[in-house]
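Note sheet for the following structure.
What follows draws every value from the coordinates through simple rules; no lab data is involved. Keep in mind that this is a model prediction, so the values were computed, not measured.
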Amino acid sequence: MSTFYHQKNISRIKGLMSQPDLEKLIHAFIFSRIDYCNSVFTGTPGVGKTTLGKELAAQTGLTYVNIGELAHE
């Protein structure tokens, strides 16, 4: 099923859930959609990409690699 389908269903039930439970549901949804083998984060500096990448690596048992640091070596 598509991501849009699940997002629409979440929007339908969000009023029936507490904020912490809704956050858990959304986090579970996001983590279920991530391709753990090839996650690449790009974008504006200083918005939390490093923090997100390190947290994903810690939660999945994978290794976080900062490409910028590799480029300087």
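How much length is gained if the chain between Leu62 and Arg33 is pulled fully straight, taking 0.36 nm per residue apart and subtracting their Cα-Cα distance, in nm to one decimal?
8.8 nm
Using 0.36 nm per residue of separation minus the Cα-Cα distance, give me the extension gain between Lys8 and Leu70 in nm, one decimal.
My answer for the length gained is 18.3 nm.
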